[in-house]
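Step one of this worksheet: look at the structure below.
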Amino acid sequence: MDDEQIKKEEADAKMINEAFQELIDTYMASRHRKKVDIITKAFNFARQAHKGVRRLSGEPYIMHPIAVAMIACREVGLGSTSICAALLHDVVEDTDYTTEDIENIFGPKVAQIVDGLTKISGGIFGEQASAQAENFKKLLLTMSDDIRVILIKICDRLHNMRTLESQPANKQYKIAGETLYIYAPLANRLGLYKIKTELEDLSFRYEHPDQYASIIQKLASTRDSRHTLFDLFTAPIEESLKEMGIDYVIKERVKSPYSIWHKMQTKHVTFDEIYDILAVRIIFTPKKREEEINECFKIYVAISKIYQSHPDRLRDWINHPKANGYQALHVTLMSKQGRWIEVQIRSDRMDEVAEQGFAAHWKYKEDGNIEMNEEEGELNDWLHTIKEILDDPQPNAMDFLDAIKLNLFASEIFVFTPKGEIKTMPTGCTALDFAFSIHTFLGSHCIGAKVNHKLVPLSHKLQSGDQVEILTSKSQHVQPAWINFATTAKAKAKIEAILRRDNREVQRQGEETLMAFLKKNDISYTGATADLLASFHDVEKRENFFQALGDKTIILGEKDLDELKGKKSKTAKGGGWRKYVPFIKSDKGKKEEEPQNKLFIVPEKFNRKKPIFITDENIGQYKFVDCCHPIPGDDILGFIDTKKQIEIHKRSCPVAAKLKSSFGNRILDAKWDMHRKLYFDATIHIKGIDRIGLLNEVTKVISEQMNINIRRITITCDENIFDGTLELRIHDRNDVKEIVESLKKIPDLKEIKQIM
């Protein structure tokens with residue numbers, strides 16, 4: 001071994017020892033019992049197991065488990081059992097050690113958590129889905145027994161996101177997509193607000209680097225004006241709190257980059273139009289713990305005397321905590337500068353719960369069991385719902401992830417049973433969801449509901465404070481249409497399970513119909529025959545084809561025989577992809593032939609780590625599907641579909657979010673390399689005060705100044721309000737930005753936004 005290598009190993013050993021010492025120091029400063037020996041034992045065991053292995057970043061692998069243990073200890077507030085499990089979480093997957101070895105050395109509790117954290121290489125979803133959905137399923141099953149599994153998994157994901165820079169771009173999109181789709185909502189549901197925010201911001205940074213940098217820069221440039229506003233706004237509040245003799249801290253809370261961007265996208269507003277970037281947080285220490293709720297409201301009354309409060313924006317999360325345990329009083333006040341500012345009032349205990357989630361409540365007994373207090377009731381209900389879904393798993397990975405996702409609601413409403421019992425339900429839920437939340441029998445036989453003593457249909461959306469009585473009939477059965485207005489995971493899972501049970505009988509009848517038809521025509525029945533006919537009728541799955549035969553929505557006849565005997569059907573479809581390909585405009589302004597490239601088929605040994613470049617010449621080789629309409633300038637990615645063809649999606653597309661979570665190994669990095677030869681469709685919505693000549697000014701800006709082709713203009717005027725939609729042909733996203741900026745200069749145009 002040469003000197004340089006010895007020096008490198010010594011430097012690594014020093015770095016590892018220092019990181020572990022920091023972990024021990026953090027643990028010793030916590031409120032947990034000081035079980036340093038078992039943590040040291042776990043560290044030495046993991047260090048030996050991962051010896052000689054390095055991460056993509058080049059650092060020794062053991063630095064990752066130490067970092068995960070540090071997050072679990074410092075940021076989530078977990079104890080020795082969790083720290084040991086975090087240190088050992090990759091040992092079973094990456095080395096020859098087994099779960100049994102862990103159990104023999106560290107006991108059953110640590111082994112159970114490590115087993116829950118160990119990734120799975122295969123799974124029930126086969127090759128079509130990445131292992132992520134199956135991993136997630138196992139993790140949720142284990143979580144039902146010990147919630148620490150999911151907490152450590154979130155810590156693991158947070159460290160992976162913090163070190164994502166060393167991964168190739170396609171892997172970054174996959175991991176960031178999973179994080180936004182699964183882990184950030186989970187962290188939020190478990191009350192880990194700080195971690196949720198960081199996970200969202202890191203995902204945003206890797207998926208949309210330019211927008212992320214732009215928002216960071218704008219936040220930096222408006223920092224001084226925010227500080228001034230904060231100081232002016234809080235000065236009279238501080239004076240009042242001191243007079244009341246309250247022990248308090250006032251903090252400035254700035255909206256996270258991801259939250260700002262998300263609001264810009266959903267509300268179609270610019271950075272300057274977002275008024276809740278700044279919020280004020282008052283954290284107080286109550287004189288007596290039992291008086292903390294009264295003190296919250298005393299502070300609210302005091303500050304409402306200083307500033308006018310918004311009547312519709314008082315949020316009482318104190319008497320009705322969120323399902324993740326969050327408690328605070330939110331009030332929105334009008335500042336002297338004419339800006340609405342949200343003030344969050346919470347005690348020091350509430351603040352700790354808001355930062356660390358349920359973990360802030362937990363106390364561990366000597367035997368390692370968790371003591372839960374009453375506030376965890378909502379969490380237990382949630383875990384119970386997940387367990388019910390897992391008892392009847394979805395056949396498809398994406399359906400499964402969606403079912404779980406439906407349960408990760410951030411906001412709730414409170415409704416009452418006829419006897420006056422309070423039930424927490426997700427915002428947007430229906431009477432049908434409420435029926436299933438009480439009992440499956442009630443849900444499957446309900447015919448309607450009485451809300452506040454008035455008769456309503458099953459699809460009626462409930463509001464906070466409603467009193468709901470469910471009406472049932474024994475003759476009622478679950479209808480397929482119910483799935484369209486069920487919003488909760490439990491209701492959807494139950495409806496689908498009942499429908500699947502009913503469908504099995506119909507499918508069996510359909511299969512018998514097919515076999516009788518084939519037998520009559522002397523054709524032997526095979527799976528391939530059924531698949532060929534399913535494909536001929538544009539049905540993706542064999543089960544759906546049997547279902548259609550059983551329902552008599554497909555009747556077999558001569559054309560099916562022709563297809564089986566190899567004759568081409570005149571009704572065969574083709575060339576569907578061409579409708580997505582833009583046309584080329586020549587110098588004379590006439591349409592030329594569309595690019596006639598055949599769709600690119602991904603070969604076996606295709607390098608998925610390298611980006612694909614979309615050019616004016618090869619754009620016809622890729623599929624541009626209907627879900628998000630990407631145009632040059634958008635952040636995009638590629639997805640290899642089941643036919644080995646490449647679909648192009650915006651990175652922010654909802655469909656792409658599911659694909660990243662379920663089929664992450666088929667995600668590609670995609671980039672534009674266009675030279676403004678092709679035209680794409682874009683729609684801009686405008687609204688303003690109507691006056692003579694306004695439309696003329698709008699068309700002048702677009703066609704004369706910008707030299708843009710207008711395809712269609714739709715205008716309505718009602719009570720002096722001008723409302724219009726412009727359909728344009730543009731080259732790229734920059735054209736759209738320039739048009740929007742130019743239109744903003746027209747007097748009386750009040751709202752201008754691009755419809756995605």
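The values are calculated or read from the model by the stated rules, or taken from the named source; none is laboratory data. No experiment lies behind these values; they were computed from the predicted model shown. When we count neighbours, we look across all protein chains shown, and the Cβ atoms used for this are built from the backbone with ideal geometry, even at glycine. Please note that ligands, DNA and RNA were not included when accessible areas were found on the heavy atoms of the full protein model with its side chains. Shrake-Rupley method; radii C 1.70, N 1.55, O 1.52, S 1.80 Å.
Data table
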| item | result |
| --- | --- |
| Residue within region 232-250 that is within 30 Å of P426 (Cβ to Cβ) and of a type in the set (V, I, T) present | no |
| Given (1) out of contact with any helix residue (DSSP H, G or I) (no Cβ under 7 Å at 6 or more places or on another chain); (2) open to solvent by less than 30 Å² (accessible area, probe 1.4 Å); (3) at pLDDT 90 or above, number of the condition N104 does not satisfy | (2) |
| Selection count where residues are among the small types (G, A, S) and within 28 Å of D616 (Cα to Cα), scope region 658-694 | 3 |
| Residues of region 710-735 that turn out to be surrounded by 12 or more Cβ atoms within 10 Å (Cβ to Cβ) and more than 30 Å from K650 (Cα to Cα), as a count | 3 |
| Residue that is nearest to T642 (Cα to Cα), among those in region 534-568 that are of a type outside the set (A, V, I, L, M, F, W, C), within 43 Å of the chain's Cα centre (by Cα) and in a loop (DSSP other than H, G, I, E, B) | E540 |
| Pairs with Cβ under 7 Å, 6+ apart, first in region 428-456 and closer than 14 Å to I495 by Cα, second open to solvent by 30 Å² or more (accessible area, probe 1.4 Å) and part of a helix (DSSP H, G or I) | A435/L442; F436/K490; F436/K494; S437/K490; T440/K494; G443/K494 |
| In region 81-96, the residues that are buried (at least 22 other Cβ atoms within 10 Å of the Cβ) and part of a helix (DSSP H, G or I) | T81, S82, I83, C84, A85, A86, L87, L88, V91 |
| Candidate set from region 517-533 (those that are outside any loop (DSSP other than H, G, I, E, B) and aliphatic (A, V, I, L, M)); member that is farthest from E543 (Cα to Cα) | L518 |
| Residue in region 713-726 that is in a strand (DSSP E or B) and under 31 Å from the mean Cα position of the chain (by Cα) present | yes |
| Residue list for region 457-504, filter: under 13 Å from Q547 (Cα atoms) and touching a residue at least 24 places away in the same chain (Cβ under 8 Å) | D502, N503 |
| Unique residue being part of a strand (DSSP E or B), at pLDDT 85 or above, open to solvent by less than 30 Å² (accessible area, probe 1.4 Å) and under 18 Å from N188 (Cα atoms) when the list is Q344, Q327 | Q344 |
| Scope region 43-56; condition open to solvent by 90 Å² or more (accessible area, probe 1.4 Å) and either in a helix (DSSP H, G or I) or touching a residue at least 60 places away in the same chain (Cβ under 8 Å) (or both); matching residues | Q48, L56 |
| Only one of R500, R508, R504 that is among the charged types (D, E, K, R) and open to solvent by less than 60 Å² (accessible area, probe 1.4 Å) | R500 |
| Scope region 278-299; condition open to solvent by less than 50 Å² (accessible area, probe 1.4 Å) and closer than 17 Å to D351 by Cβ; matching residues | A279, V280, R281, I282, I283, F284, P286, E292, E295, C296, I299 |
| F485 being more than 30 Å from T417 (Cα to Cα), surrounded by 12 or more Cβ atoms within 10 Å (Cβ to Cβ) and of a type outside the set (A, V, I, L, M) | no |
| Subset of region 148-197 that is among the small types (G, A, S) and touching a helix residue (DSSP H, G or I) at 6+ places or on another chain (Cβ under 9 Å) - its residue that is farthest from I636 (Cα to Cα) | G191 |
| Answer from K490, K461 - the residue that is out of contact with any helix residue (DSSP H, G or I) (no Cβ under 7 Å at 6 or more places or on another chain) and of a type outside the set (G, A, S) | K461 |
| D276 being under 19 Å from E200 (Cβ atoms) and of a type outside the set (A, V, I, L, M, F, W, C) | yes |
| Test result for A213, without any contact (Cβ under 8 Å) to a residue 24 or more places away in the chain and either within 26 Å of L278 (Cα to Cα) or open to solvent by less than 40 Å² (accessible area, probe 1.4 Å) (or both) | yes |
| Qualifying positions in region 242-292 - part of a helix (DSSP H, G or I), free of Cβ contacts under 8 Å to residues at least 40 places away in the same chain and of a type in the set (A, V, I, L, M) | M264 |
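To keep it simple, each residue is scored yes or no on (1) in a loop (DSSP other than H, G, I, E, B); (2) among the aromatic types (F, W, Y); (3) farther than 23 Å from Y193 by Cα; (4) open to solvent by 80 Å² or more (accessible area, probe 1.4 Å).
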| site | (1), (2), (3), (4) |
| --- | --- |
| Q5 | no, no, yes, yes |
| E9 | no, no, yes, yes |
| A13 | no, no, yes, no |
| A19 | no, no, yes, no |
| R31 | yes, no, no, yes |
| K41 | no, no, yes, yes |
| G58 | yes, no, yes, no |
